[in-house]
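Participant: Got a structure here, written out as structure tokens. Questions coming.
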Amino acid sequence: DRQRVRHTGRWLVRHSTDRCSTAIGLALLATDRAEEDIPLIQTIGLLSNTFGLLAVRALERRRGGEQALLWLAQRVAGSGRIDVIEALCRYRPAPRRWLLRHACDGDIFDGYYAGQVATSCHLHEAIVSTEVDDDLVDHTARLLAAMKDSFGMGMTLEHYPPAPIVLGAHAAHLSQQTPTVSRYIEAGVIALHLTNKTPHECGCTTEQRDHIVRQYLAVLNRDDWCDTIRANLDQADRHSVWFAATVAPRLRLRAFTDPPNDDR
């Protein structure tokens with residue numbers, strides 16, 4: 001009886017104090033398509049680490065589910081974010097503009113879906129288009145950083161055919177951006193990965209890999225970028241300390257090896 005299934009599912013999601021019975025209620029709602037249940041499903045979906053997958057399945061069945069999932073994606077983090085982002089990537093067309101600028105939030109779980117975002121949203125076309133903005137360039141760095149470390153989770157740069165296009169375009173756009181500490185560190189980490197891995201593992205030929213590394217280093221060793229990282233690097237931040245101790249020496253970054261020229 002469809003009505004009894006919906007009534008039971010709603011009651012359990014709204015009133016149960018036990019995770020298992022709440023999950024049963026959400027599973028019952030996931031068998032239906034009633035649009036009026038979207039706000040309820042979204043709300044329980046905010047507890048994404050426990051109820052994310054069932055909420056995604058329930059929303060995908062409903063008209064208006066894409067916008068509901070987008071609302072959820074803007075609010076969830078952790079492992080539960082994986083199911084939401086992967087669901088958005090399955091839509092045709094996917095909400096490309098948002099995914100290419102906001103899908104990755106810097107968490108280790110980015111590696112599970114970064115490759116899906118890059119392929120389903122045609123990142124290689126977007127990053128060379130005439131509508132490139134800072135948000136797209138910055139998020140491209142996150143996608144590349146996630147894919148370089150995603151072995152065992154998702155698609156790696158080695159298995160991403162447009163890797164040379166995206167890497168080269170990101171390095172070129174980086175040179176036109178205002179230097180910041182986060183951009184400097186992300187670019188340095190990507191450059192170190194390309195240096196440490198074989199060209200094949202980077203998805204590039206030797207010539208492509210070496211050229212892209214030179215592009216990154218040319219930006220990171222520019223005077224304005226060196227001045228920015230020297231003035232703003234937070235020595236109390238563990239990630240910054242790790243970068244200064246590990247990445248900078250291996251790349252021989254000028255900001256960390258040469259003293260600042262105060263007379264310039």
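Participant: Can you tell me which residues in the stretch 78-107 are at pLDDT below 95 and of a type in the set (G, A, S)?
Facilitator: Residues satisfying the conditions are G78, S79, G80, A94, G106.
Participant: From (1) aliphatic (A, V, I, L, M); (2) open to solvent by less than 20 Å² (accessible area, probe 1.4 Å); (3) farther than 20 Å from F243 by Cα, pick out the condition that doesn't hold for L220.
Facilitator: (3)
Participant: Right, here's the next one. Can you pull out every residue in the stretch 116-140 that is surrounded by fewer than 23 Cβ atoms within 10 Å (Cβ to Cβ) and touching a residue at least 40 places away in the same chain (Cβ under 8 Å)?
Facilitator: Answer for the stretch 116-140, where residues must be surrounded by fewer than 23 Cβ atoms within 10 Å (Cβ to Cβ) and touching a residue at least 40 places away in the same chain (Cβ under 8 Å): T119, H124, V128, V132, D134, V137, D138.
Participant: Could you check the stretch 31-44 and list, in sequence order, the residues that are open to solvent by 80 Å² or more (accessible area, probe 1.4 Å) and not β-branched (V, I, T)? Break it down stepwise before answering.
Facilitator: First pass over the stretch 31-44, keeping only residues open to solvent by 80 Å² or more (accessible area, probe 1.4 Å): 31, 33, 35-36, 43.
Selection gives R33, E35, E36.
Participant: Here's something else I'd like to know. So D234 ticks every box in (1) part of a loop (DSSP other than H, G, I, E, B); (2) loosely packed, with under 15 Cβ neighbours inside 10 Å; (3) at pLDDT 95 or above but one. Which box is left unticked?
Facilitator: Among (1) part of a loop (DSSP other than H, G, I, E, B); (2) loosely packed, with under 15 Cβ neighbours inside 10 Å; (3) at pLDDT 95 or above, D234 violates only (3).
Participant: For the stretch 119-127, state whether one or more residues are farther than 20 Å from F243 by Cα, in a helix (DSSP H, G or I) and polar (S, T, N, Q). Reasoning before the result, please.
Facilitator: Here is the first cut: in the stretch 119-127, the residues farther than 20 Å from F243 by Cα are 119-127.
Applying the additional criterion that residues be in a helix (DSSP H, G or I) yields 119-120, 123-126.
Subsequent filtering for residues that are polar (S, T, N, Q) retains 119-120.
Checking the stretch 119-127: at least one residue is farther than 20 Å from F243 by Cα, in a helix (DSSP H, G or I) and polar (S, T, N, Q).
Participant: Can you name the residue in the stretch 174-197 that is farther than 28 Å from I82 by Cα and in contact with a Ser or Thr (Cβ under 9 Å, 6 or more places away or on another chain) and, of all such residues, is most open to solvent (accessible area, probe 1.4 Å)?
Facilitator: Checking each candidate, the answer is T178.
Participant: So, one more: Just wondering, is there one or more residues in the stretch 45-53 that are of a type in the set (A, V, I, L, M) and open to solvent by less than 60 Å² (accessible area, probe 1.4 Å)? Before the answer, list the steps.
Facilitator: As a first pass, look at the stretch 45-53 and keep what is of a type in the set (A, V, I, L, M): 46-47, 53.
Now drop any that are not open to solvent by less than 60 Å² (accessible area, probe 1.4 Å), which leaves none.
Checking the stretch 45-53: not a single residue is of a type in the set (A, V, I, L, M) and open to solvent by less than 60 Å² (accessible area, probe 1.4 Å).
Participant: I would also like to ask the following. Considering only residues that are surrounded by fewer than 21 Cβ atoms within 10 Å (Cβ to Cβ) and of a type outside the set (F, W, Y), which ones fall in the stretch 143-154?
Facilitator: Keep residues of the stretch 143-154 that are surrounded by fewer than 21 Cβ atoms within 10 Å (Cβ to Cβ), which gives 149, 151-153.
Answer for the stretch 143-154, where residues must be surrounded by fewer than 21 Cβ atoms within 10 Å (Cβ to Cβ) and of a type outside the set (F, W, Y): D149, G152, M153.
The values are calculated or read from the model by the stated rules, or taken from the named source; none is laboratory data. It should be emphasised that the depicted structure is a prediction, and the values quoted were computed from it without experimental measurement. Note that we place each Cβ from the backbone using ideal geometry, even for glycine, and neighbour counts take in every protein chain shown. We work out accessible area using only protein heavy atoms, side chains counted, and drop any ligands, DNA or RNA first. Shrake-Rupley method; radii C 1.70, N 1.55, O 1.52, S 1.80 Å.
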